[in-house]
Amino acid sequence: MAFASLFRRRRDGRYTVRLDHNLRVVLVSVAQQLGPMIDAGDKATTRLFPPAYTGEDTAQQEQEYRTLVDGALRNHHHRALDTLINTAHADTLSAEELDAWLSAIGTMRLVLGTRLDVIEDMEPPEPGDPAGDEFVLYDLLGTVQANIIEVLASQLPDEGTPERAL
């Protein structure tokens with residue numbers, strides 16, 4: 001599948017979505033499964049809540065940080081996943097909806113990457129490996145994510161600063 005073929009910016013500022021129906025169903029299914037995992041503090045969601053303090057004598061600071069940011073992070077992930085679920089079958093998306101898709105797909109990849117213990121330059125699992133399907137999904141989500149980034153990046157100027165605020 002060619003880059004920037006899944007999403008295209010229209011003249012009216014919306015984005016055309018060219019995803020297969022089955023892929024849309026998979027996106028909704030994964031997004032629906034992630035919400036309860038986030039709320040339950042599932043081990044696979046730990047990368048969604050990165051620590052600010054990691055030293056041995058920083059437990060109190062880390063707890064204070066967690067108190068301040070975890071609710072906002074949880075709400076952010078839920079809003080992005082809900083937007084994807086509610087717009088998964090739309091033919092077009094607003095800029096805000098496409099941003100939410102990018103966030104939701106990033107969330108999905110972080111959780112799958114944690115479950116798969118993904119490392120840079122990782123080889124796909126051998127045929128018959130139980131992790132094979134999740135790895136294929138991880139890779140597919142990467143393609144969708146790259147397509148969204150590509151269409152958003154195409155709007156940036158080639159050199160210098162943007163003419164309008166981001």
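We did not get these values from a lab; they are worked out from the coordinates using the rules stated. Keep in mind it's a predicted model, so treat the numbers as computed, not measured. With ideal geometry, Cβ positions are generated from the backbone for all residues, glycine too; neighbour counts draw on all protein chains shown.
Taking the longest Cα principal axis of the chain as reference, the axis of helix 132-153 is set at about 60 degrees. Here segment 1-42 is scanned for amide nitrogen atoms under 18 Å from the site 7 Å beyond the Cα of Arg115 along Cα-to-Cβ, giving 23-42. For segment 1-87, GluC sites (Glu not before Pro) are listed when DSSP marks them as loop and at most 13 other Cβ atoms sit within 10 Å of their Cβ; the list is Glu56. Projected onto its three principal axes, the C-alpha set of segment 10-153 covers 53, 42, 28 Å, listed from the longest axis down. The order of Thr83, Thr58, Thr67, going from fewest to most other C-beta atoms within 10 Å of their C-beta, is Thr67, Thr58, Thr83. The simple Förster model, with R0 at 35 Å and r as the Cβ-Cβ distance, assigns Met37 and Asp12 a FRET efficiency of 0.45. The fewest-to-most ranking of Tyr138, Tyr65 by surrounding Cβ atoms within 10 Å reads Tyr65, Tyr138.
In degrees between 0 and 90, to the nearest 10, how far off the longest principal axis of the chain does helix 95-116 point, with axes built from Cα atoms? That works out to roughly 50 degrees. Build a GNM of the chain with springs between Cα atoms under 10 Å apart, and of Asp91, Asp42, Asp121 the one that fluctuates most is Asp121. Peptide packing for 95-103, 146-154, 108-116 was compared via the average number of neighbouring C-beta atoms within 10 Å per residue; ordered from the highest value, the list is 108-116, 95-103, 146-154.
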